[in-house]
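Everything on this sheet refers to the single structure shown next.
Read the figures in this text as sums done on the coordinates, not as results from a lab. For clarity, every value in this text was computed on a predicted model and none was experimentally measured. Ideal geometry is used to build each Cβ from the backbone, glycine not excepted, and the neighbour counts take in all protein chains shown.
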Amino acid sequence: MSIKAIILSGGKATRLLPLTEKTPKSLVPVLNTPFLDHVLLALKCYGIEDVTIACGHLSTSLQEYYARNSLGLNIYFTYEDSPLGTGGAVANAWDKKTQTLLVLNGDIFTDINIADLLAFHRKNQSLLTFSLVALDDPSRYGVLEIDVNGRVLSFTEKPKLEETKSNLINAGVYIIETQILQTVSADKFVSFEQDIFPVLLAESMPVYGFKSNAYWKDIGKPQDYRQLNFDLLNGKARTFASRPRGIYDTEKQNIISTSAIIASTSQIKDSIIWKDVKVGNHAIVDGSVLCECVQVSADCYIKNSLLGNQAYVKEGQQVIEEKIDAGIVFG
């Protein structure tokens, strides 16, 4: 496929804290595999070999990881000293040669057929083609109206629910012809949503939306991150990443790293356990995420909680609906 991809991964992912306090959002494990691996392997499946990651927060960890694990792709990085917005980040990552780009938001998982998206884009000679999914509540996202041919009639960023004109949202995967970047500054904040999309529509440029029934999940919130893991575990979504060794329990809904040490008398349910976690005797972990190197002592009860890297819970403690920052000793 003769296009290059840019993945926008510059945000601090504050909504995912404490999961992202020490771990870049792109490397947060999904089925024990860094989230971005799932995205990159999907691109590789469609023949996309050149990928630029526009990164910011904890970028060193991201670059070091992909220096060791390139997945057979040509992976490049750009860095933002200060936030550039979606448009500025893409302009900064563009090599000024490529004519067609696939742009992906770095916190979106979807199994959309990229070949079909590109074919639709080219068929319509579009300057910009959005992938679209339908949501019951589209108000958190950019909402689009399209005509019967898929041409975009309107774009509204995060409207009030009662003011939405459609249930179709910008799914965070789109194809652009880079002529629309010619006047975009690579060192200033420019928003696609606020500064570029409305202008293209106002000037009646060919902008289209490709409707898809593909699986789609924004992992920006902890509950959505957990849901993606379990949807993949239960086969509700497709990924090209193979499952590494670990415990994948569809009955108890557990995803547990192979390096975790779980006492035989403990009980784990509806939980995601990252690598090098230790859970002591008679401890109960229910509906929770334990990040790297968390230690849960004997006789603890952990319910609906998120424990950051290297958090330590002392013996007999109860942690219910808590977020414990990395390195914190609880109790």
Which peptide among 67-80, 137-150 comes first, and what is the full order, when sorted by highest mean count of other Cβ atoms within 10 Å? 137-150, 67-80
Compute, for the chain, the length of the dipole vector about the Cα centre, with Cβ point charges of +1 (Lys, Arg) and -1 (Asp, Glu) only. Units Debye, rounded to 20. 520 debye
Starting from the Cα-Cα distance between LYS275 and GLU315, subtract it from 0.36 nm times their residue separation and give me the gain in nm to one decimal. 12.3 nm
Which of LYS25, LYS269 has the fewest other C-beta atoms within 10 Å, and how do the rest follow up to the most? LYS269, LYS25
Considering only DSSP beta bridges where both residues belong to the chain, give the percentage that are antiparallel (nearest 5). 40 percent
Grab the DSSP H runs of the chain that are 4 residues or longer, score each as -39,500 (n - 2.57), total them, divide by all residues and round the 222 nm result to the nearest 500 deg cm²/dmol. -5000 deg cm²/dmol
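Under a point-charge model restricted to the Cβ atoms of Lys and Arg (+1) and Asp and Glu (-1), what is the dipole moment magnitude of region 74-142 relative to its Cα centre, in debye to the nearest 20?
That gives a dipole near 420 debye.
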Using 0.36 nm per residue, how much length does the chain from ASP286 to SER61 gain when fully extended, once their Cα-Cα distance is taken away? 78.0 nm
Listing CYS300, CYS293 from the residue with the fewest other Cβ atoms within 10 Å to the one with the most, what is the order? CYS293, CYS300
Once the Cβ-Cβ distance between MET205 and ARG15 is put in as r, and R0 is 35 Å, what FRET efficiency do you end up with, to the nearest 0.05? 0.60
List the pairs from LYS12/LYS158; LYS269/LYS303; LYS4/LYS97; LYS303/LYS323; LYS123/LYS211; LYS165/LYS211 whose alpha-carbon separation is above 18 Å, in the order I gave them. LYS12/LYS158
Tensor-based shape of region 248-330 (alpha-carbon gyration tensor, a/c under 1.5 rounded, otherwise prolate or oblate): rounded
In degrees, nearest ten, helix 222-233 long axis to first principal axis of the chain (Cα): 90 degrees
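Please arrange SER264, SER259, SER126, SER59 by counting, for each residue, the other beta carbons lying within 10 Å of its beta carbon, fewest first.
Fewest-to-most ranking of SER264, SER259, SER126, SER59: SER264, SER259, SER59, SER126.
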For region 117-250, the charge dipole (Cβ of Lys, Arg +1; Cβ of Asp, Glu -1; about the Cα centre) points to a positive end, and the Cα of ILE247, ASN167, ALA214 closest to that extreme belongs to ILE247
